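Heads up: the structure comes next, in structure tokens.
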């Protein structure tokens, strides 16, 4: 029976924040106008200069595949059925930046093929950067994704669109249904919440039982036998390993009552604990996967340059986790690189320490790959 389950298992690639705006946008073939409106920096090229000052010259422009670096090789090796990221930038030419927010990520739509280069299937948009360049910027972001045949969830021209899931067909196996939502704890302004008449993101008012009931209703509208449902949630602060009792309770209720099979958590700039609850996967914080933070100091102890490529094998008949392999990565020169064995061991130690209270740990495989262990 186990062999039959494995034959029809669906492999899903998940990662944390993909921030292809600002500095990354500047090193791609079609950079946006560099002016930004931050107290720290007023020219996006300044982030490129910070990286080069720290690690040496970046060959500009980088191709659309080059920024993915070794991740391309790993994706080609693993060949996941579905590829899901949290896209934490607006994709727009809009000049209507959100006043007073402090940080404004933008990628030129002409650089959006960077997402196609990695064959991304679904992008989660419910986060605290997708509206950095206003409602027009959000509309252009969605339009650009549609033009590239990349599905999205978590934002739209009204609440119904923002709450609607992305549905990825896996030929001969299953459907993977992705709901994207955000909590204000991740820094999403309350004014960004989509309403019946206003565009915006799928912003959760709270993590209450009423919210669970609403999500359960949304899941019931689309889930069929053999579907895998993912809740992609942008929540919590950027720094710190703490996972609140409310977040754990909400995750458990999503699984027990709302029919969710995988929790894809993000917002933290570093990886956080993993839980397997009733044989369902909960990633509380996937960390950053691609960003322009090189040379920025202040939180070095968290190693935000290190990330993970999560490859989850799920049984579509039950939604249960069969295995989770993780490939450690490091952002250097604005590209994703394989992490060294030493850095892989550091990540393993963090996951073992933080996962202990959830009964999870990892083993190191082939020096720089990790495999999840859990108590069933």
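Each value in this text was obtained by applying a stated rule to the coordinates, not by laboratory testing. Predicted model, so just to flag it, every value in this text is computed and none were measured. Heads up, the Cβs are rebuilt from the backbone with ideal geometry, glycines too, and the neighbour counts pull from every protein chain shown.
Provide 30, 269 in ascending order of the number of other Cβ atoms located within 10 Å of each residue's Cβ, fewest first. Don't jump to the answer; show the numbers that get you there.
Values: 30 13, 269 22.
Exposure proxy ranking, most exposed first: 30, 269.
Mean projection of the alpha-carbon convex hull of the range 229-291 over all orientations, in nm²?
The number I arrive at for the range 229-291 is 4.0 nm².
For n ≥ 4 DSSP H runs only, could you compute -39500 (n - 2.57) per run for the chain, divide by its residues and tell me the 222 nm figure to the nearest 500?
Computed mean residue ellipticity for the chain: -7500 deg cm²/dmol.
Could you check the simple spin-label distance between residue 117 and residue 371, using points 7 Å along Cα→Cβ, in nm with one decimal?
Simple spin-label model gives 3.3 nm for this pair.
Want the number for residue 158 to residue 60: 0.36 nm per residue separation, take away the alpha-carbon distance, what's left?
Length difference between fully extended and current span is 31.4 nm.
Given a Förster distance of 35 angstrom, what is the FRET efficiency for residue 296 paired with residue 73, based on the Cβ-Cβ distance and rounded to 0.05?
0.80
Can you match Rg and Dmax of the Cα atoms in Å to one of these, (1) 19.5, 68; (2) 22.4, 73; (3) 19.2, 59, based on a calculation from the structure here?
Recomputing Rg and Dmax of the Cα atoms in Å here picks out (3).
Roughly speaking, what is the centre-to-centre gap between the range 12-74 and the range 113-137 when only Cα atoms are used, to the nearest Å?
Result: 15 Å between the Cα centres.
Report, for the chain, the % of DSSP beta bridges that are antiparallel, rounded to 5. Before the final figure, lay out the partial values.
On the way: 39 of 73 bridges.
Bridges in the chain that DSSP calls antiparallel: roughly 55 percent.
With a ≥ b ≥ c the root eigenvalues of the C-alpha gyration tensor of the range 98-165, is it rounded (a/c under 1.5), prolate (a/b larger than b/c) or oblate?
Numbers: a/c = 1.92, a/b = 1.21, b/c = 1.60.
Oblate.
Counting other C-beta atoms within 10 Å, which of 309, 41 has the fewest, and how do the rest follow? It would help to have the intermediate numbers written out before the result.
Details: 309 24, 41 18.
The most exposed by this proxy come first: 41, 309.
Taking the Cβ-Cβ separation of residue 349 and residue 209 as r and a Förster radius of 30 Å, what is the calculated FRET efficiency to the nearest 0.05? Mind showing how you got there, number by number?
Working: r = 37 Å, r/R0 = 1.22.
For R0 = 30 Å, the calculated efficiency reads 0.25.
Is the C-alpha gyration tensor of the range 243-375 telling us rounded, prolate or oblate? Criteria: a/c under 1.5 is rounded; beyond that, a/b larger than b/c is prolate, otherwise oblate.
Prolate, since a/c reaches 1.5 and a/b exceeds b/c.
With no solvent and one equal point scatterer per Cα, compute the Debye intensity ratio I(q)/I(0) for the range 316-357 at 0.28 Å⁻¹ and report its log10, rounded to two decimals.
Those come out to -0.97, one per q.
Provide the convex hull volume over Cα atoms per residue for the range 87-243, in Å³.
131 Å³
At a 10 Å Cβ-Cβ cut-off, how would you order 343, 171, fewest neighbours first?
So the residues, fewest neighbours to most, are 171, 343.
Evaluate the distance, in nm, between pseudo-label points positioned 7 Å from the Cα of residue 148 and of residue 225 along their respective Cα→Cβ axes.
The answer from the label model is 3.8 nm.
Which whole-number percent gives the relative contact order of the range 117-185, counting Cα pairs below 8 Å spaced six or more residues apart?
32 percent
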